[in-house]
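Single-structure report; data block below.
The values are calculated or read from the model by the stated rules, or taken from the named source; none is laboratory data. Only a predicted model underlies this, so the values are computations on that prediction, with no experimental measurement involved. Every residue, glycine among them, receives a Cβ derived from its backbone with ideal geometry; neighbour counts consider all protein chains shown. Surface areas here come from the heavy atoms of the whole protein model, side chains and all, with no ligands, DNA or RNA. Shrake-Rupley method; radii C 1.70, N 1.55, O 1.52, S 1.80 Å.
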Amino acid sequence: MRVDVDRDRCCGAGMCALEAPEVFDQDETDGLVVVLLTEPPDTLDDVVRSAAEQCPSGAVRLRE
Amino acid sequence: MTEVPPGARPLPTTRTTPLDPPPELLERQRECPVDRLRYPDGSEGWLITGYDQVRAALADLRFSSRKELLRSPVQPQEPSAAKPGFFVYTDPPEHTKYRRLLTGLFTLRRMNQLAERVKEIADDALDAMERTGPPVDLVPAYALPLPSLVICELLGVPYEDREVFQHNSTVIQDINTPIEQAYAALEEMQNFLAGLVERRRAEPSDDMLGGLAAHEELTVEEVTNVCFLLLAAGHETTANMLSLGTYALLTNPDQLALLRSGGTTIEAAVEELMRYLTVNHYGPIRAVVDDFEFEGCPMKAGETVTLSAFAANRDPKHFADPDRLDFVRGGRGQLSFGHGIHQCIGQQLARIEMRIGFQALLDRFPNLHLAVPQEDVSMRDSMLIYGVASMPVAW
Ligand code: HEM
Ligand code: SF4
């Protein structure tokens, strides 16, 4: 799976970092999403899907 | 496009049990998840109650948050403009401008760094409760001061000023305060915050107040209002979750036992309490600026749309057996912090306050219980944020 984020849409709610801290973080200064692993291992599929689902602004996109 | 059905009815507000939505609200969810609604000023608009539909509407930028367009579903008020800086009542690009000032200050990491202070604040309040001895009213002794002191900590209100801040914010948020007194406290608080912002303009500091005051492009009034919004949005909500959540725990002994025995995590319990209680029990509220179709229904310019997160959080199509408080299920996906670009910016802080707040209270008093019969704890359902007025507890 490949993870893409749209920082223009991100509203810094931090749901992604809460759901999948291995894959998402928030920038220290602007609080917007930062991807730590663009191609996370399969073992993280569930939490990454959940993070995309929980993101309130539709900023996280996944390609299978 | 479907026709507007005739005979819009008002928002059902009559509950038959303290913690469940009005039965008629859920009936309307079953009948029609996107339904006509009559507002107290006589106008007609919409009521959205289905989980999928509320979530979709919250993510749909065609719905506006501009306060001058919003009617209250429960009070016959003229819509009025929001004060500059109250960005919860703005749309992009204005909303984005203000929200981006705060996102960097509210990251999950920064909020986690506050956890230790939150614990100290909770412990201090619990020490005071122990010194007083049972019974103690949990609302003024614990639920109100905890979030108020946490906001002081967050903003960087100087220690010597905290008493003024805490006194006024508690008076404002306490639902037992007479209205004139609440207005006086409100004004005092605004002047007090404006004074702090002006001082930070003159002497920069690296706390949140200082960080916001440093934005020269904002007026002192705007910065003051942003700070005031944080207080208004973060104090009563969190306080009521703490008191009402404790009520829910003490009146659901099986779930309390499960939590105490480690059969579930505090994280799951808090998410499920958020879902089950939905303290913002009337909203969020949006307006239609230009005509469009939503889920096959004709949204007309000028109409107000009430999105019932409370009904959505009890939608059996999304949560199985939704009226049961169930910590094992956890409340993941609950809509009590909203959804979309306005989703609560303070949610990671509120989660920490609730996790630590409940855990510290339960750890301190292994035999915590209500000091009055359950029926004697009165709910204030006339308030925009649902909660208990007072709740004597003993241990
Ligand atoms: C359990 C406690 C809380 C609940 C239930 C809650 C609920 C909400 C909800 C439902 C919204 C969205 C409103 C809408 O879409 O129109 C919101 C927004 C907001 N909340 Fe919270 N909140 C809580 C705690 C906090 C705290 C602790 C803070 C700050 C310290 C805070 C600050 C805000 C702000 C500034 C907004 C506006 C965000 C925006 O418009 O972009 N909230 N909150
Ligand atoms: S959950 Fe979405 S909006 Fe929130 S920080 Fe992550 S990407 Fe941004």
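Yes or no, residue by residue, for (1) touching a Leu at 6+ places or on another chain (Cβ under 7 Å); (2) touching a residue at least 24 places away in the same chain (Cβ under 8 Å); (3) among the acidic types (D, E):
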{"residue": "B:T49", "(1), (2), (3)": "yes, yes, no"}
{"residue": "B:V54", "(1), (2), (3)": "yes, yes, no"}
{"residue": "B:L70", "(1), (2), (3)": "no, yes, no"}
{"residue": "B:Q77", "(1), (2), (3)": "no, yes, no"}
{"residue": "B:L105", "(1), (2), (3)": "no, yes, no"}
{"residue": "B:R110", "(1), (2), (3)": "no, no, no"}
{"residue": "B:A115", "(1), (2), (3)": "no, yes, no"}
Subset of segment A:22-44 [of a type in the set (D, E) and within 16 Å of ligand 1 (Cβ to nearest atom)]: A:D30
Filter result for A:L62 (farther than 23 Å from B:L58 by Cα, modelled with pLDDT of 90 or more and more than 9 Å from chain B (Cβ to nearest Cβ)): no
Any hit, segment A:30-44, residues being within 6 Å of ligand 2 (Cβ to nearest atom), closer than 26 Å to B:G346 by Cβ and either among the aromatic types (F, W, Y) or open to solvent by 40 Å² or more (accessible area, probe 1.4 Å) (or both): no
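Do we have any residue at all in segment A:23-44 that's in a loop (DSSP other than H, G, I, E, B), more than 10 Å from chain B (Cβ to nearest Cβ) and among the polar types (S, T, N, Q)? Lay out the reasoning, then the answer.
So the first thing to find is which residues in segment A:23-44 are in a loop (DSSP other than H, G, I, E, B), and the list is A:23, A:27-32, A:36-41.
Filter once more, keeping what is more than 10 Å from chain B (Cβ to nearest Cβ): A:23, A:36-41.
Then keep just the ones that are among the polar types (S, T, N, Q); that gives A:38.
Within segment A:23-44, one or more residues are in a loop (DSSP other than H, G, I, E, B), more than 10 Å from chain B (Cβ to nearest Cβ) and among the polar types (S, T, N, Q).
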Options B:R329, B:R351; residue that is away from chain A (no Cβ under 12 Å), in contact (Cβ under 8 Å) with a residue 24 or more places away in the chain and under 10 Å from B:E271 (Cα atoms): B:R329
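Yes/no per residue for (1) open to solvent by 30 Å² or more (accessible area, probe 1.4 Å); (2) more than 27 Å from B:M379 (Cβ to Cβ):
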position	(1), (2)
B:T14	yes, no
B:R28	no, no
B:E44	yes, yes
B:L58	no, no
B:S64	no, yes
B:V74	yes, no
Selection count, segment B:64-94, where residues are within 30 Å of B:G42 (Cα to Cα), of a type outside the set (G, A, S), out of contact with any Ser or Thr (no Cβ under 6 Å at 6 or more places or on another chain) and within 14 Å of chain A (Cβ to nearest Cβ): 4
Residues (outside any loop (DSSP other than H, G, I, E, B) and open to solvent by 30 Å² or more (accessible area, probe 1.4 Å)) located in segment B:212-231: B:V220, B:E221
Subset of segment B:93-116 [surrounded by fewer than 18 Cβ atoms within 10 Å (Cβ to Cβ), part of a helix (DSSP H, G or I) and in contact with a strand residue (DSSP E or B) (Cβ under 9 Å, 6 or more places away or on another chain)]: B:R109
Boolean, B:T306 is of a type outside the set (G, A, S), in contact with a Leu (Cβ under 6 Å, 6 or more places away or on another chain), surrounded by 15 or more Cβ atoms within 10 Å (Cβ to Cβ) and part of a loop (DSSP other than H, G, I, E, B): no
Selected residue (only one of B:A239, B:A184 is away from every other protein chain (no Cβ under 14 Å), within 15 Å of ligand 1 (Cβ to nearest atom) and not β-branched (V, I, T)): B:A239
Among the residues listed as A:V3, A:V48, the single one being among the β-branched types (V, I, T) and either within 14 Å of chain B (Cβ to nearest Cβ) or part of a helix (DSSP H, G or I) (or both): A:V48
Number of the exception - B:M299 against (1) more than 24 Å from B:V136 (Cβ to Cβ); (2) open to solvent by 10 Å² or more (accessible area, probe 1.4 Å): (2)
Residue match in segment B:312-326 (condition: within 15 Å of ligand 1 (Cβ to nearest atom), assigned to a loop (DSSP other than H, G, I, E, B) and either more than 16 Å from the chain's Cα centre (by Cα) or within 14 Å of chain A (Cβ to nearest Cβ) (or both)): no
Condition check for A:A13: within 9 Å of the chain's Cα centre (by Cα) and either closer than 17 Å to B:A59 by Cβ or more than 10 Å from ligand 2 (Cβ to nearest atom) (or both): no
Options A:R63, A:R49; residue that is basic (K, R), in contact with a strand residue (DSSP E or B) (Cβ under 6 Å, 6 or more places away or on another chain) and away from ligand 1 (no atom under 16 Å from the Cβ): A:R63
Counted residues, segment B:122-138 - those being open to solvent by 10 Å² or more (accessible area, probe 1.4 Å) and either in a helix (DSSP H, G or I) or within 16 Å of ligand 2 (Cβ to nearest atom) (or both): 8
Unmet criterion (only one of (1) of a type in the set (F, W, Y); (2) within 13 Å of the chain's Cα centre (by Cα); (3) away from chain A (no Cβ under 14 Å)) for B:F365: (2)
Failed item in (1) more than 14 Å from ligand 1 (Cβ to nearest atom); (2) farther than 19 Å from B:E222 by Cα; (3) part of a loop (DSSP other than H, G, I, E, B), with B:P73 passing the rest: (1)
Segment A:2-21, residues that are in contact (Cβ under 8 Å) with a residue 24 or more places away in the chain, more than 16 Å from ligand 1 (Cβ to nearest atom) and open to solvent by 40 Å² or more (accessible area, probe 1.4 Å): A:R2, A:D4, A:V5, A:D6, A:R7
